[in-house]
Amino acid sequence: MQRRRVVRYLGATLLCPLCLRSGTALAEEKRAADSGHGEAGKEAAKADAHGADGETKAAGKAEGEKTGKPAPDAKGAGDKHEGPHWGYEGEGGPEHWAELSEDFRICGTGREQSPIDLSEPTPALLKDIAPVWKKSPYAIVNNGHTIQVNVPPASFVNYGGKDYQLLQFHFHHPSEHTVDGKAHEMEVHFVHKAEDGGLTVLGIFIKPGAEHPVLVPIWARMPEEAGGTVKVEDEFIELAKFLPRNMTTVQYAGSLTTPPCGEVVNWVVFRDHIEASKTQIEQFAKLYPMNARPVQPRFRRAVLLDFF
Ligand SMILES: [Zn+2]
């Protein structure tokens, strides 16, 4: 009880991500919804679904259609999108995203863009993040931007009193968020969506170390070609095994890290990391050597550390 009161107090004074969300993020959702792309959330889920991705060779050539408006649904198989070609280098690179389409403008004009450097977060009394991730069948998709694993609706996380359902998770190499200016080898993003379209994405850094058991079956099956999908129905994935030991998180209000860069994301990044073997990291890097958007300015955003 008491803690809750403190949280509210801090929320009011420190501008916690929730508070920021209720203002800007919701406005953004509305804007996106009005822009004729269907709900912002969907767009959002889709885009991040695609993970910021390095316009890798595979992706670049697969079909000239990697865009910010990924598949009709985050769970979508390959991607079928029309729209400008974007990537991580050259003419379609991050510094040009905003110019590629009217729909991508916020990539350049937004003030709550992601990723960011997470150094020196402000300690705050935040509610614990306790994802409820169930074992489930899954489908592995090479969407031309990243390797994405779609899961059926069963797992969720509660954030700010609202439930967000886990749609998919995907990987970045190197990590998108940085700490003290440094990127880690990889980052995995668990994309959760609420009924109102808002997103909560949980980010976990991956460093070289022991082989990660849950990555083994995924890596063994991941399609090498963009557009490839592998459905796994006879074997369940143990999502909870992805969580780091220490559940301390850094939280802030941000955006998709891919076009259209909608500012509809509650970002929750774990301070602790998980490990994958060097071989596992290299296996992914072979497909996607660089699929991370550079860090964006924080501007006046609060970046809070859950210090419990
Ligand atoms: Zn991502």
| said: On a full-extension model of 0.36 nm per residue, what is the gain between Arg300 and Glu235, subtracting their alpha-carbon distance, rounded to one decimal in nm? | reply: 18.9 nm
| query | Does a label point 7 Å from the Cα of Asp163, set along Cα-to-beta-carbon, have any residues of region 189-205 with amide nitrogen under 12 Å, and which are they? | reply | 194-195
| query | Going down the table (Lys134/Lys193; Lys193/Lys231; Lys182/Lys231; Lys135/Lys193; Lys182/Lys207), which pairs top 24 Å between alpha carbons? | reply | Lys182/Lys231
| task | Starting from the amide H of Gly262, placed 1.01 Å from N in the peptide plane, find each other amide H under 5 Å away whose residue is 5 or more places distant or on another chain. | result | Leu256
| What are the ³J(HN,Hα) values, in whole Hz, obtained from phi via the Karplus relation 6.51 cos²θ - 1.76 cosθ + 1.60 with θ = phi - 60°, for each residue of region 118-134 in sequence order, with x given for Gly and Pro? | 9, 5, 6, x, 8, x, 8, 8, 10, 5, 4, 8, 10, x, 10, 10, 9
| said: Under the 0.36 nm per residue contour assumption, what length would be gained going from the current alpha-carbon distance of Phe307 and Thr109 to full extension? | reply: 68.1 nm
| Say R0 is 41 Å: what FRET efficiency, to the nearest 0.05, do Ser119 and Glu211 get from their beta-carbon distance? | 0.85
| task | Take peptides 234-242, 167-175 and line them up by average Cβ neighbours within 10 Å, highest first, as a rough protection proxy. | result | 167-175, 234-242
| Environment charge at Gly108 (Cβ cut-off 14 Å; Lys +1, Arg +1, Asp -1, Glu -1) | -3
| Label-point gap, in nm, between Asn246 and Gln283 - each point 7 angstrom along Cα→Cβ | 2.9 nm
| request: Would you please give the residues with an amide H less than 5 Å from that of Arg271, counting only those at least 5 places away or on a separate chain, with H modeled from the backbone geometry? | output: Thr248, Thr249, Val250
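Read-outs throughout are calculated quantities, based only on the coordinates presented, and are distinct from any laboratory measurement. In this text, all values refer to a predicted model and were calculated from it rather than measured experimentally. Methodologically, a virtual Cβ is constructed for each residue, glycine included, from the backbone with ideal geometry; neighbour enumeration extends over all protein chains shown.
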